[in-house]
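The values are calculated or read from the model by the stated rules, or taken from the named source; none is laboratory data. Just so you know, these numbers come straight off a predicted model, no measurement behind them. Heads up, the Cβs are rebuilt from the backbone with ideal geometry, glycines too, and the neighbour counts pull from every protein chain shown.
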Amino acid sequence: MLIIYIILFVIDVCVTIGDFALTILNKKHMERKVYGKNHLSLTYQIQENMKTMQIIFPLSIAHSIAFLIFLISTTCVRQFLQKAVDPVSYLALIELCNSVVAIYTCIIPLIFFKLRKKLKPSATRIVQSGSAQTQEYFEILNKMYSKT
């Protein structure tokens with residue numbers, strides 16, 4: 001059982017490291033000035049990747065922390081306390097360790113909704129240019145051409 005927990009924890013840490021690497025890679029792509037032919041679609045894709053990673057990365061870290069707490073507590077109880085305490089206390093300690101999963105299940109949606117609210121796009125107001133500005137522009141342009 002301990003081997004399975006360790007393998008799962010290694011996989012979990014690898015996923016968290018991969019999320020961090022993707023975040024760094026997307027930031028580097030955003031800083032790059034030249035994108036080639038598909039500039040707008042690539043820029044849009046990178047921005048969407050950044051928004052997604054801003055939600056996934058904190059959730060991944062929270063998951064890794066909760067799983068580490070669960071793994072350590074369960075392993076300690078199973079390895080060190082199984083024969084040291086009576087069976088009823090042992091089962092109570094195992095259930096206490098399992099409550100980490102229930103607490104994690106309740107906290108993760110709260111973190112998600114807080115991140116989603118924080119990253120919600122702000123409304124942009126589009127200001128239409130007035131006809132007076134357009135008229136003034138063409139008058140100045142006509143004056144410039146008429147002088148030459």
Next item on the list: Consider residue 40 carefully, then state whether it is surrounded by fewer than 15 Cβ atoms within 10 Å (Cβ to Cβ) and either within 25 Å of residue 120 (Cα to Cα) or at pLDDT below 90 (or both).
Entry: yes
Item checked: Number of the condition not met by residue 69 [criteria: (1) in contact with a helix residue (DSSP H, G or I) (Cβ under 8 Å, 6 or more places away or on another chain); (2) more than 30 Å from residue 120 (Cβ to Cβ); (3) surrounded by 12 or more Cβ atoms within 10 Å (Cβ to Cβ); (4) at pLDDT below 90] -> (4)
Margin query: Being surrounded by 13 or more Cβ atoms within 10 Å (Cβ to Cβ) and touching a residue at least 40 places away in the same chain (Cβ under 8 Å) is the requirement here; does residue 64 meet it?
Written below: yes
Notebook entry, point to check: Is it true that some residue in the stretch 60-70 is hydrophobic (A, V, I, L, M, F, W, C), part of a loop (DSSP other than H, G, I, E, B) and under 18 Å from residue 98 (Cβ atoms)?
Noted result: no
Margin query: When you scan the stretch 75-86, do you find a residue that is touching a Leu at 6+ places or on another chain (Cβ under 7 Å), surrounded by fewer than 16 Cβ atoms within 10 Å (Cβ to Cβ) and under 27 Å from residue 116 (Cα atoms), even just one?
Written below: no
Notebook entry, point to check: On the given criteria, is residue 24 surrounded by fewer than 14 Cβ atoms within 10 Å (Cβ to Cβ), over 24 Å from residue 105 (Cβ atoms) and at pLDDT 85 or above?
Noted result: yes
Check: Any idea which of 4, 17 is over 14 Å from the mean Cα position of the chain (by Cα), under 26 Å from residue 70 (Cβ atoms) and either modelled with pLDDT of 90 or more or assigned to a helix (DSSP H, G or I) (or both)?
Finding: 4
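Give me the residue from the stretch 102-118 that is among the hydrophobic types (A, V, I, L, M, F, W, C) and surrounded by fewer than 12 Cβ atoms within 10 Å (Cβ to Cβ) and, out of that set, farthest from residue 20 (Cα to Cα).
Among them, the one singled out is 102.
To keep it simple, each residue is scored yes or no on (1) among the aromatic types (Phe, Trp, Tyr); (2) at pLDDT below 85.
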{"position": "90", "(1), (2)": "yes, no"}
{"position": "94", "(1), (2)": "no, no"}
{"position": "100", "(1), (2)": "no, no"}
{"position": "120", "(1), (2)": "no, yes"}
{"position": "128", "(1), (2)": "no, yes"}
{"position": "133", "(1), (2)": "no, yes"}
{"position": "138", "(1), (2)": "yes, yes"}
